[in-house]
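Have a look at the structure below before the remarks.
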Amino acid sequence: MQNKQMDLPIYIDNNATTPLDERVLATMLPFLKGTFGNAASNTHQHGWVAKQAVDTARKQVAHLIGAEESEIIFTSGSTEAINIAIKGVWDVYKNKGNHIITVKTEHKAVIDTCEYLQQKGAEITYLDVDAAGLIDLQQLENAIIDKTILVAVMYANNETGVIQPIEEISEIVHAKKSIFFCDATQAVGKTMLDVSESGIDLMCLSGHKFYGPKGVGALYIRRKNPRVTLSPLFHGGGHERGLRSGTLNVPGIVGLGKACEIAAVEQWDNNVHVSKLRGYLEHQLLDIPSLRINGSTKHRLYNTSSLCFSGQSSAKLIGEWNPYFSVSTGSACSSALAKPSYVLEAMGLSEEDCYASIRFSFGKYNTQEEVEKAVDVIKKTLL
Ligand code: PLP
């Protein structure tokens, strides 16, 4: 596999990023070589071929999430899509109200964007989560007021894999005539997800989380019931219906489309595979005294296991395991920060338990042999 060719340790950090699927790479390569046209060049064949490839990718993305093609815009990833969604709603709807609701366990891209808008005059409510990592629907309902223009709740958490009750959330938000933005970065490609059934109005996804390329993603923007209007972050050539100016990253977009096409067919089999690996890991480690799973075990992605090794230091353990396998303390974006995880803190873990927690996130290329090796190393270190 990819890991072995590069002679790197076993990779069990697939929520940070995933390896590129060979089939995705093969689809991208022609667009990095001969087929180099600009998708906005509408006077010649080079441009038409590029545009056609982008159109196909837009169909593939829309198909995976149950959207219309006209509801997809391409971005550089989820961070950008989150910024366009939240700042875009604020800009258009701020005269209607200045209140935004989000959750304490959201990704930094959402939290920091909300904090930025707070400086511009927005009022932000940060919902709590319980020990399982789930929001309280009654607290959400009570928090929505006439001035609430946006509710931002993630689909699945990157550190714990905990899945929020998305359909119930969207019902509550719509009953109160507000807009529902969902960061589905960790869910798309890993779980069956349909924007129509789940009633999501705005949603982001990112190629590198499900075997596509890095630096490319998409924003879903509902066009009817309700029609959501955004104002752009970037101004320029008017690409992507004027919402994201800038020459399109054709190879990346083609790769994202292919990753979506593959996920639509294979994601269920992948889930069966990764849930067996995770089940094996958790089952084997249960005889370690004071080992706990962080977050709901019922409402959780199939691939993620956030484990608290009480009394241990995660930094020290990860250091010892590094030669054999790669795992992390949580979010790749904040793992350089010497702070305890705010996600685990919000779930009520003590500072000590936050520093003792490690995220294992499996992917479709992991094997039973790999997880057995990892379990062996963990047991040797701890028992
Ligand atoms: N949201 C969540 C839940 C994530 O896990 C990530 C990536 O770690 C992001 C947003 C940011 O995604 P991107 O890397 O595409 O900017």
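Looking at LEU150, VAL61, ALA184, which one has the Cα that reaches farthest to the positive end of the dipole of region 22-261 (charges on Cβ: Lys, Arg +1; Asp, Glu -1)? The residue sitting farthest along the positive end of the dipole is VAL61. Over 25 Å between Cα atoms: which of LYS51/LYS94; LYS177/LYS258; LYS33/LYS59 fall into that group? Listed pairs above 25 Å: LYS51/LYS94; LYS177/LYS258. Summarise the accessible area of region 96-165 (1.4 Å probe, protein heavy atoms) by the percent that is carbon and sulfur. Its accessible area is 46 percent carbon and sulfur atoms. A 1.4 Å probe over all protein chains sorts ARG23, ARG222 by accessible area into ARG23, ARG222, starting with the largest. With θ taken as phi - 60° and the Karplus curve 6.51 cos²θ - 1.76 cosθ + 1.60 applied, the whole-hertz 3J(HN,Hα) list for region 301-310 is 4, 6, 9, 9, 9, 9, 10, 9, 9, 3 Hz, x standing for glycine and proline. Measuring between alpha carbons in the structure, the pairs from LYS120/LYS339; LYS209/LYS316; LYS298/LYS339; LYS276/LYS298 lying more than 20 angstrom apart are LYS120/LYS339; LYS209/LYS316; LYS298/LYS339.
Projecting the Cα atoms of TYR126, TYR93, PHE36 onto the dipole axis of region 22-261, where Lys and Arg carry +1 and Asp and Glu carry -1 at the beta carbon, places PHE36 farthest toward the positive end.
Taking amide H atoms as placed 1.01 Å from N in the peptide plane, the amide H of SER328 lies under 5 Å from those of ARG359, each 5 or more residues away in sequence or on another chain.
Counting pairs of alpha carbon atoms under 8 Å apart in space and at least six apart in sequence, what relative contact order in percent does the chain give? List each step's numbers first, then the result.
On the way: 758 pairs, mean separation 89.8, N = 383.
Answer for the chain is 23 percent.
Here's how it looks for GLY217: its modeled amide H is under 5 Å from those of THR75, SER76, GLY77, GLY207, which are all 5 or more places away or on a different chain. The phi torsions of region 54-68, fed into the Karplus equation with coefficients 6.51, -1.76 and 1.60 and a -60° offset, translate into couplings of 5, 4, 4, 4, 4, 4, 5, 5, 4, 4, 4, 10, x, 10, 8 Hz, rounded to whole numbers, with Gly and Pro shown as x.
Rounded to the nearest whole Å², what accessible area per residue is found for region 275-383 with the 1.4 Å probe?
Values: 5050 Å² over 109 residues.
That works out to 46 Å² per residue.
Rounded to the nearest 20, the size of the Cβ-charge dipole of the chain about its Cα centre is 960 debye, with Lys and Arg at +1 and Asp and Glu at -1.
For region 156-166, putting each phi into the Karplus relation 6.51 cos²θ - 1.76 cosθ + 1.60 with θ = phi - 60° gives couplings of 9, 7, 5, 8, 10, x, 5, 9, 7, x, 4 Hz, in residue order, rounded to whole numbers and with x for Gly and Pro. Taking every protein chain into account, the 1.4 Å probe leaves ASP112 with about 70 Å² of accessible area, to the nearest ten. The amide H of ASN158, built 1.01 Å from its N in the peptide plane, has no neighbour under 5 Å, considering only residues 5 or more places off or on other chains.
The values are calculated or read from the model by the stated rules, or taken from the named source; none is laboratory data. Note that the coordinates shown come from a computational prediction; the quantities given were computed from them, not determined experimentally. Cβ coordinates were reconstructed from backbone atoms using ideal geometry, including for glycine residues, and neighbour counts include every protein chain displayed. Keep in mind that these areas ignore ligands, DNA and RNA; they rest on the heavy atoms of the full protein, side chains included. Shrake-Rupley method; radii C 1.70, N 1.55, O 1.52, S 1.80 Å.
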